[in-house]
C-alpha cells in the first residue's frame with residue numbers, strides 16, 4: 001500500500017425486493033459496507049426476511065487521492081460521512097453488478113449523471129472514516145483562492 005495513494009477493499013451488501021412497478025422486477029438498495037472484503041462470490045445470498053433478500057454484491061478497491069483531500073474533508077465533516085456505491089443492472093444472476101465505491105462526493109455525484117447506473121450513498125463505516133481522516137490530516141494542503149484580474 002502506497003502512502004501517496006492508499007488502497008483497500010470493501011465489500012458491499014445489497015438488498016433485493018420485489019418491485020410493485022410494472023417496469024422493473026426488483027428494487028435494489030445498498031444494505032451495508034463491510035470494511036474488509038470477504039472471500040465470497042458476488043451474488044451469494046446471505047439472508048433475507050419475507051420477500052427481501054440480502055446478497056453480497058462483491059468487493060471493490062477504494063483509493064484515496066492526495067488531490068481530493070478537500071472533498072474528503074467535506075465528506076467527513078458533513079455529519080454523515082458516506083461512500084458512494086455505483087451499481088448497474090445486469091442480465092446475469094443476481095441481476096445487479098457492483099461498479100465502483102468512492103469516498104469522494106464530487107466523483108460520486110458525477111456518476112449520477114450516467115443514465116444506466118444507480119448511485120447510492122451508504123454510511124461510511126467508522127474504520128474507513130478513521131483511515132480517511134488520517135489520510136486527510138497527512139496530505140491536505142489548503143488552496144488559497146486567488147481571483148484573477150483582467151488585463
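Nothing in this text is a laboratory measurement; each read-out follows from the coordinates by a stated rule. The structure displayed is predicted, hence computed values, not measured ones. Positions of Cβ are generated from backbone atoms using ideal geometry, with glycine treated the same way; all protein chains shown enter the neighbour counts.
If you scan segment 69-105, which residues turn out to be under 12 Å from the mean Cα position of the chain (by Cα) and either in a helix (DSSP H, G or I) or free of Cβ contacts under 8 Å to residues at least 12 places away in the same chain (or both)? Explain how you work it out, then say what you get.
To start, the set of residues in segment 69-105 that are under 12 Å from the mean Cα position of the chain (by Cα) comprises 81-87, 98-105.
Selection gives 105 alone.
So which residues in segment 118-151 are over 19 Å from residue 35 (Cβ atoms) and surrounded by 15 or more Cβ atoms within 10 Å (Cβ to Cβ), if there are any at all?
Once the filter is applied, which keeps residues that are over 19 Å from residue 35 (Cβ atoms) and surrounded by 15 or more Cβ atoms within 10 Å (Cβ to Cβ), segment 118-151 yields 118, 119, 139.
Examine segment 4-11 for a residue that is closer than 30 Å to residue 137 by Cα, touching a residue at least 24 places away in the same chain (Cβ under 8 Å), in contact with a helix residue (DSSP H, G or I) (Cβ under 8 Å, 6 or more places away or on another chain) and exposed (fewer than 12 other Cβ atoms within 10 Å of the Cβ), and state whether such a residue exists.
Looking through segment 4-11, at least one residue is closer than 30 Å to residue 137 by Cα, touching a residue at least 24 places away in the same chain (Cβ under 8 Å), in contact with a helix residue (DSSP H, G or I) (Cβ under 8 Å, 6 or more places away or on another chain) and exposed (fewer than 12 other Cβ atoms within 10 Å of the Cβ).
I'd like the full set of residues that are part of a loop (DSSP other than H, G, I, E, B) and under 25 Å from residue 9 (Cα atoms), limited to segment 114-150. Steps first, please.
In the first step, residues of segment 114-150 are kept if they are part of a loop (DSSP other than H, G, I, E, B); the result is 114-116, 124-125, 140-150.
Residues satisfying the conditions are 114, 116, 124, 125, 140.
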